[in-house]
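This report concerns only the one structure given below.
Just so you know, all these numbers are worked out from the coordinates, no wet-lab data involved. For clarity, every value in this text was computed on a predicted model and none was experimentally measured. Cβ sites come from the backbone with ideal geometry, for glycine too, and all protein chains shown count toward neighbours.
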Amino acid sequence: RNISFPQRRSMAAQNNQEHTLGNLLREKARIVEIDGEEGFDYAEHDTNELNGVPFPGSHLKQTVTGVSIVPHYLQTATRNLVHDDLQTVTSETQAKTTAECLPYVTGKDTQGLALNSHGLPHLRRKAHAEYLRGFLGELPAGYAAMDASRPWLFYWCIAGLSFLGEDVSEYRERLMETVRPLQNASGGFGGGHGQFSHCACSYATILALTAVEGLEVVDRKAMWHWLGQVKQADGGFRMAVGAEEDIRGAYCAMTIITLLNLPLELPPEAHARGAGLQTFTDRLGEWVGRCQTFEGGIAGAPTNEAHGAYAFCALACLSILDTPHVSIPRYLDTQALVRWLASMQTVAEGGFAGRTNKLVDACYSHWVGGCWSLLQAAFSQSSATRDDFAAVTELEPSELWNPAALIRYLLTCCQQPGKKGGMRDKPSARPDAYHTCYSLSGLSAAQNLYIYENGITVDAESGRLTAAFNWLAQRLSPGKAMQELGIDEHDVVECVHPVFVVTFDAVMRAKEQFAKGGL
Ligand code: FPP
Ligand code: K
Ligand code: ZN
């Protein structure tokens with residue numbers, strides 16, 4: 001009872017290491033069953049129907065340890081594996097969150113939302129689009145606190161609209177004129193005029209411009225020089241000159257370099273040259289590898305705590321460096337990573353948490369759901385990698401997470417009901433542009449199919465890394481898959497690029513625009 005929090009965590013980690021993932025999944029099913037018998041809410045809500053319609057995926061239900069009372073996804077989620085009766089703030093907030101979500105995920109309370117043919121709420125396309133458009137004008141005074149994050153608002157709203165299939169071309173001129181004064185003559189974008197350039201602001205600006213075909217406003221040469229100042233001798237990137245070095249920097253910088261087709265050679269004045277580095281990619285994979293923790297997840301920087309948002313940055317960065325099924329296993333312990341990622345899908349909410357012993361949150365539908373898109377493609381690639389994977393996990397890559405459960409969480413718990421739209425972290429949170437954008441991106445990860453086509457990884461003429469341009473997407477079409485996921489055609493979002501997080505069309509246009517390279 002007096003076990004301290006960190007000790008509990010490391011017990012969980014040791015426990016994880018002693019089992020195969022298949023065993024953990026079975027163990028989880030057993031724990032859920034015990035909870036049911038002890039009077040925890042699961043039994044009461046246990047049903048394979050929602051408003052008279054069978055649960056998506058309920059036909060997949062297996063009988064585990066002789067008990068088949070829980071819906072399929074309660075069996076496949078592996079969270080809270082080490083279950084004890086120790087009451088802490090953590091266990092209390094978890095119980096509160098489960099209780100807050102259960103009426104919605106089970107369909108007991110539909111909040112007045114219009115339902116689809118599977119008994120789940122429809123995606124409120126028009127309401128969410130209107131909500132996002134509302135941030136692309138003047139904002140109330142309280143938003144002054146977001147001044148240094150203005151490019152993020154441009155990106156979340158414009159990208160989010162494009163994920164809903166809305167035409168965003170009307171924002172082209174306005175966005176170009178708005179970001180022009182945010183660009184520094186010495187390269188990169190800040191949050192506002194006169195603010196220092198920053199990797200996050202530059203990344204968000206570049207993606208928003210990509211979405212509206214407005215990249216010509218970028219001074220590519222200056223950007224190349226500026227990025228040369230944030231590249232570090234150990235292989236990583238700082239977020240700004242003199243700022244923290246973390247994995248966001250690595251992913252943001254490599255995204256900018258690739259979309260703008262900047263030279264991979266470091267500018268002559270880059271101080272990392274003094275340590276023998278010649279290119280932006282030197283020592284980068286190794287640095288990303290150092291961010292993997294004892295839990296198997298990825299931290300923002302070496303020695304820090306594993307977090308889903310950083311796992312996405314790591315996998316996306318490695319997917320820019322090379323073919324994902326080559327670069328991911330080269331720098332990361334994929335077994336450990338997969339085990340950790342699987343444990344992020346929560347019971348009974350069905351969405352993802354960002355880290356061990358923390359709560360489900362809609363934005364991790366993208367940060368963690370996006371990891372699955374990248375990994376699934378990596379491991380479905382060849383029968384060799386697939387067999388390797390199955391040997392470790394006893395499972396197929398597609399069995400490691402439950403897209404139907406994620407969709408259910410997003411549609412039932414994360415859509416703001418009533419007049420206003422927008423999507424939210426969880427029912428007790430208010431909607432915001434960030435959660436709306438990444439909920440929609442997470443829906444795409446759960447709905448659409450991404451395929452990695454082996455192809456050229458470096459363009460011979462321009463020198464650009466092209467590995468991240470080899471993705472193909474298959475939009476979910478009517479039929480069995482929709483049935484299993486519990487959605488109608490109306491609820492399907494556009495294919496979101498698994499590395500660059502804008503639509504596929506937008507990525508292809510950027511690729512063509514700078515095909516020649518040069519500066
Ligand atoms: C914890 O917040 C969150 C973090 C430690 C990192 C979040 C980073 C991102 C969402 C994005 C990074 C990526 C780019 C491209 C900039 P918390 O403690 O409020 O949430 P938690 O309880 O869910 O961990
Ligand atoms: K959070
Ligand atoms: Zn969130």
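Only Lys, Arg, Asp and Glu count, each charged at its Cβ (+1, +1, -1, -1), so figure out the dipole size of the range 226-325 about its Cα centre, rounded to 20 debye.
Around 140 debye, computed over the range 226-325.
Order the peptides 201-208, 228-235, 447-454 from the highest to the lowest mean number of other Cβ atoms within 10 Å of their residues.
Put in order of decreasing packing, that is 201-208, 228-235, 447-454.
Using the number of other C-beta atoms within 10 angstrom as an exposure proxy, rank 225, 122, 198 with the fewest first.
Least to most surrounded, the residues fall as 122, 225, 198.
Residue 502's amide H: which non-local residues (gap 5+, or another chain) put their own amide H closer than 5 Å, with H modeled 1.01 Å from N in plane and none for Pro or chain starts?
Here 497 satisfy the definition.
What list of whole percents do you get for P(r) of the range 364-519, with Cα-Cα distances grouped in 10 Å bins up to the one holding the largest distance?
10, 33, 33, 18, 6, 0
Please give the peptides 179-192, 362-375, 289-302, 141-154 ranked by average Cβ packing (other Cβ atoms within 10 Å per residue), highest first, as a rough proxy for protection.
Listed from highest to lowest mean packing, they are 362-375, 289-302, 179-192, 141-154.
Would you mind checking which residues have amide H under 5 Å from residue 115's amide H? H placed 1.01 Å from N; only 5 or more apart, or other chain.
Counting only residues 5 or more places away or on other chains, the set is 122.
Taking θ = phi - 60°, what integer Hz values does the Karplus form 6.51 cos²θ - 1.76 cosθ + 1.60 yield along the range 211-222, in sequence order, with x for Gly and Pro?
The phi angles translate into 5, 10, 6, x, 5, 5, 6, 7, 7, 5, 5, 5 Hz.
Shape call for the range 420-498 from the C-alpha gyration tensor, a ≥ b ≥ c root eigenvalues: rounded (a/c under 1.5), prolate (a/b greater than b/c) or oblate?
Note, shape of the range 420-498 comes out oblate.
For an R0 of 30 angstrom, estimate the FRET efficiency from the Cβ-Cβ distance between residue 193 and residue 428 and round to the nearest 0.05.
After rounding to 0.05, the efficiency reads 0.20.
With the cut-off at 31 Å, tell me which of the pairs 126/480; 96/419; 426/511 have Cα atoms farther apart than that.
Violating the 31 Å limit, Cα to Cα: 426/511.
As a footprinting exposure proxy, order 379, 280 by other Cβ within 10 Å, with the fewest listed first.
379, 280
Among 240, 276, 350, whose Cα lies farthest out toward the positive end of the dipole of the range 205-360, if unit charges sit on the beta carbon of Lys, Arg (+1) and Asp, Glu (-1)?
350
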